[in-house]
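The values are calculated or read from the model by the stated rules, or taken from the named source; none is laboratory data. Every value quoted in this text rests on a predicted model; they were computed, and no experiment measured them. Here the Cβ positions follow ideal geometry from the backbone for every residue, glycine too, while neighbour counts run over all protein chains shown. Protein only, heavy atoms only, side chains kept; ligands, DNA and RNA dropped before computing areas. Shrake-Rupley method; radii C 1.70, N 1.55, O 1.52, S 1.80 Å.
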Amino acid sequence: MDGIKILIVDDEPDILEFVGYNLESEGYKVEKASSGNQAINLNNEFKPALIILDVMMPGLDGIETCH
């Protein structure tokens, strides 16, 4: 898993922490975003191989973020 980058996007801090901790403990490089806009910015900088994206978020939701 060395070097594989994952971006986690969720408006719930507990979910970000839980999922992030478990992925990091398996050797993934993890970045976390709490909004759709933040996810878009991080995606451009971090260039993850995988994005775990919550669908229901305030503001820019997961579907809009994906588009």
*In the chain, which helices (runs of 4 or more DSSP H) lie fully inside it and hold 2 or more residues that are in contact with a helix residue (DSSP H, G or I) (Cβ under 8 Å, 6 or more places away or on another chain), on the phi < 0 side of the Ramachandran plot and not aromatic (F, W, Y)?*
36-46, 62-66
*asked:* Yes or no: region 1-13 includes at least one residue that is at pLDDT below 95 and open to solvent by less than 80 Å² (accessible area, probe 1.4 Å).
replied: yes
*Quickly run through region 14-41 and pick out the residues that are open to solvent by less than 70 Å² (accessible area, probe 1.4 Å) and without any contact (Cβ under 8 Å) to a residue 24 or more places away in the chain.*
L16, G20, N22, L23
*Which ones in region 52-64 are more than 11 Å from D10 (Cβ to Cβ) and either open to solvent by 60 Å² or more (accessible area, probe 1.4 Å) or not charged (D, E, K, R) (or both)?*
P58, G59, L60, I63, E64
